[in-house]
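The values are calculated or read from the model by the stated rules, or taken from the named source; none is laboratory data. The model shown is predicted, which means the values in this text are computed figures rather than measured ones. Cβ atoms come from the backbone with ideal geometry, glycine included; neighbour counts cover every protein chain shown. These area figures cover heavy atoms from the full protein model, side chains too; ligands, DNA and RNA do not enter into them. Shrake-Rupley method; radii C 1.70, N 1.55, O 1.52, S 1.80 Å.
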Amino acid sequence: MFYWLLKYVALGPLLKLLFRPHVHGLSHLPRSGPVILACNHLSFSDSIFTPLVVDRRVTFVAKAEYFTGKGLKGWLMRQFFSGTGTIPVDRSGGKAAQAALDTLLRVLREGGVAGIYPEGTRSPDGRLYRGKTGVARLVLESGALVVPVALLNTDEIQPTGSLIPKVKRVRLRFGTPLDFSRYAHAKGDRFIERAITDEIMFELMAMSGREYVDVYASKLKTSIESPAPANHSRTAPAGAEAGEKG
């Protein structure tokens with residue numbers, strides 16, 4: 001209930017007035033059935049703007065720190081994320097991360113829309129990074145279609161570390177649904193999981209126009225200003241060709 005109150009009454013109308021979303025390809029999103037929105041991740045505000053423009057309810061996961069803050073700010077963030085159905089995830093990995101994926105899987109099995117950032121964390125410098133295979137496991141377990149979503153300028157609206165967003169028109173692009181039913185027999189196959197993930201990242205690269213770096217973003221969090229590694233220019237993710245539709 002609180003989700004729809006925020007979206008259509010308390011917060012959504014004001015956000016649409018201020019940021020005037022420009023959305024391309026929203027008609028690609030199926031009106032019913034399980035769907036995974038696989039998004040690139042540029043800003044804290046990505047999890048706000050994506051559900052804002054989608055008529056269906058979208059469930060995301062967010063780092064657990066958003067639910068454990070202190071003081072008034074911590075309380076407000078906790079209430080906001082809890083009210084919008086966001087699921088906390090311990091990004092240290094292991095069973096805690098799997099629990100978040102299991103919850104998203106339950107959303108999909110109920111015919112809902114699950115939002116996920118295959119990169120696993122925000123881009124440290126605006127480039128697109130290697131995807132983690134959790135999204136592929138969701139695909140294989142749920143049979144859901146994947147709609148790639150390119151956030152085009154949220155890093156300009158709310159750069160990392162910025163508390164107050166800039167008032168600027170937000171731009172999003174929704175891609176053609178990706179159907180991976182041809183891999184339904186391959187649950188647990190790590191090579192297929194990598195092929196699916198790379199195909200999704202290839203679509204996000206093409207849609208966003210962002211340079212692709214074939215390493216995990218989490219490994220570069222401490223070296224944001226580092227130049228792009230050699231041979232990691234804007235090229236297709238390794239293994240993407242194997243994951244393309246035949």
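When L140 is tested against (1) open to solvent by less than 10 Å² (accessible area, probe 1.4 Å); (2) in a helix (DSSP H, G or I), just one condition goes unmet, and that condition is (1). Being among the polar types (S, T, N, Q) and modelled with pLDDT under 85, is that true of even one residue in segment 14-31? Taking every residue of segment 14-31 in turn, none turns out to be among the polar types (S, T, N, Q) and modelled with pLDDT under 85. The lone criterion from (1) modelled with pLDDT of 80 or more; (2) outside any loop (DSSP other than H, G, I, E, B); (3) open to solvent by 30 Å² or more (accessible area, probe 1.4 Å); (4) closer than 26 Å to G111 by Cβ left unmet by P51 is number (3). Of all residues in segment 124-137, how many are of a type in the set (V, I, T) and open to solvent by less than 10 Å² (accessible area, probe 1.4 Å)? Going through segment 124-137 one residue at a time, the tally reaches 1. Kindly indicate whether any position in segment 106-120 is farther than 20 Å from K7 by Cβ, among the hydroxyl-bearing types (S, T, Y) and open to solvent by less than 20 Å² (accessible area, probe 1.4 Å). Scanning segment 106-120 turns up no residue that is farther than 20 Å from K7 by Cβ, among the hydroxyl-bearing types (S, T, Y) and open to solvent by less than 20 Å² (accessible area, probe 1.4 Å).
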